[in-house]
1. If the requirement is being in a strand (DSSP E or B) and modelled with pLDDT of 95 or more, which of these qualifies: R97, R61, R69?
2. Every residue in the stretch 380-419 that is part of a loop (DSSP other than H, G, I, E, B), more than 13 Å from ligand 1 (Cβ to nearest atom) and within 15 Å of G111 (Cα to Cα), please.
3. Based on what the data block shows, is R97 touching a residue at least 40 places away in the same chain (Cβ under 8 Å) and of a type in the set (K, R)?
4. Collect the residues in the stretch 368-390 that are away from ligand 3 (no atom under 16 Å from the Cβ) and either surrounded by fewer than 16 Cβ atoms within 10 Å (Cβ to Cβ) or more than 12 Å from E236 (Cα to Cα) (or both), keeping them in residue-number order.
5. Filter the stretch 93-121 for residues that are within 16 Å of ligand 2 (Cβ to nearest atom), buried (at least 24 other Cβ atoms within 10 Å of the Cβ) and not aliphatic (A, V, I, L, M) and give the result.
6. Pick from the stretch 61-72 the residues that are charged (D, E, K, R) and more than 19 Å from L41 (Cβ to Cβ): which of them is surrounded by the most Cβ atoms within 10 Å (Cβ to Cβ)?
7. Filter the stretch 223-251 down to residues that are farther than 25 Å from L350 by Cα and crowded, with 18+ Cβ neighbours inside 10 Å, then give me how many there are.
Amino acid sequence: MNRRRFAGTVAGAVFGAVLPDLPVRVTTANRQAPRVNGERLNTHLRELSAFGANPQGGVSRVAYSDADRSGRDYVTQLMRAAGLEVRTDAAANIYGRRAGTDASLKPILFGSHIDSVPDGGNYDGDVGALAAIEVAQTLGESSVRTRHPLEVVVWSNEEGGLYGSRAVSGQLSPAEMSNRAWSGKTIAEGVNFLGGSSDRITDARRARGDIATYLELHIEQGGILDREKLNIGIVEGIVGIKQWEVTVTGFQNHAGTTPMDQRHDALLSAARFVDMVNRVVRAEPGRQVGTVGRLQAFPGAPNVIPGRAVCSLELRDLDAAKIDRLFEAIRSEAQRIGEASGTGFEYRSLHENVPAPSDPVIRELIESAAKELTYTTRHMPSGAGHDAQAIAQLAPMGMIFIPSVGGISHSPKEFSTPEDITRGASVLLGAVLLADKR
Ligand code: GLV
Ligand code: MN
Ligand code: MN
């Protein structure tokens, strides 16, 4: 296990005297800052990547799949081994709790998710979830008692649209329970499959003020930290995301006998829609992004003009009003496409993640934890969605990023180095301890 213990009694500048016996790597720069057991954490990460392993070297562990369930069993077992008292809520989120010394205090909550996108990688979500367990285990082994109770959380179905965390924040609408997830199950079926209870989904809700602090460690999923050779990103805010299912209706007809000027080709209109979305989103300055990531034609035969096409539309920005404005612009351009080709567009809202700024005090506390460990930092926005943005509705929230090599994510090629993962987890440990002092 190669654990190194710091036997000194001099309290660190920020970690203070609460840490009598934490494992640390002794450096000349700083002898006090506590660190997690990186070797163990990276072993757990490797072991978790076996569940849903895909041939490209990543994982396809979509929410509610058999692989998701097995992966969750594995992390549940890690939580128990870390001395946590485990429960699953009605939305199938897994919580592991450790009591604090002051029963009147609300818990510090930290964690992430372990479900993946189809053909995903081994780091998105997994790093934060396993690091949270590692932090609890490190504290347990060092007999450090925090004042606040600690709760480690593994959220359910993050990738499908923050379903588990939005159930907790009260942002999940009953209509969304019949949305179909990538596993093929509806949200309701999936939640039940994982041991939750779709009929009692509102039981998962927590009230504003019920959580003292929420922290999440995550890979950056973009290339800023890697390019600038920095250790730690401190998230300023998380983008808002809106997704729609777009149905284009034309007229199904024979591909051999229908002249080219007499067609109402739904797929052709959808193709023009895809191009138009890209043009509209790029037409103004800013960090907004728009994507059509899925497109299907019906009936889907080479000799049939498609009568129907269904695609997704996703818009993201830190400003919710900008997302709405872009959507209206896309809608009116789509109407023009439809009028010119005798096709129609309909939109069904799939879900919304509201933009969320992180808490300035938590940002400072993460910065102090990183500086105590002598890591380089920068503040940055998150272009990816995270459970943290749902929980920001209830509690002061902060997120810690570590570099993604080459800025690649949602891909089997996603990679973060074991050293960066260990650094991120140690910053999480430090941030939890500083949050405990608030
Ligand atoms: C989650 O990873 C998202 O940003 O879609
Ligand atoms: Mn994620
Ligand atoms: Mn993701």
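The values are calculated or read from the model by the stated rules, or taken from the named source; none is laboratory data. Here the structure is a predicted model, which is why all the values come from computation and not from measurement. Reconstructed Cβ throughout: ideal geometry from the backbone, glycine too, with neighbour counts over all protein chains shown.
1. Numbers: R61 fails: in a strand (DSSP E or B); R69 fails: in a strand (DSSP E or B).
Of the residues listed, the single one that is in a strand (DSSP E or B) and modelled with pLDDT of 95 or more is R97.
2. A392, A395, P396
3. On the way: touching a residue at least 40 places away in the same chain (Cβ under 8 Å): yes; of a type in the set (K, R): yes.
Yes, satisfied.
4. Passing the criteria: S368, A369, A370, K371, E372, L373, T374, Y375, T376, T377, R378, H379.
5. Selection gives N93, F110, G111, S112, H113, D115, S116, G120, G121.
6. Within the stretch 61-72, the first condition is being charged (D, E, K, R), and the residues that meet it are 61, 66, 68-69, 72.
The next check asks that each one be more than 19 Å from L41 (Cβ to Cβ); those that pass are 66, 68-69.
Details: D66: 12, D68: 28, R69: 18.
Among those that are charged (D, E, K, R) and more than 19 Å from L41 (Cβ to Cβ), it is D68.
7. Here is the first cut: in the stretch 223-251, the residues farther than 25 Å from L350 by Cα are 223-236, 251.
With crowded, with 18+ Cβ neighbours inside 10 Å added as a condition, the list becomes 225-226, 230-235.
Adding up the residues that qualify gives 8.
This table checks each residue for (1) more than 19 Å from Y74 (Cα to Cα); (2) buried (at least 24 other Cβ atoms within 10 Å of the Cβ); (3) touching a residue at least 40 places away in the same chain (Cβ under 8 Å).
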position	(1), (2), (3)
Q137	no, no, yes
S142	yes, no, yes
R147	yes, no, yes
W155	no, yes, yes
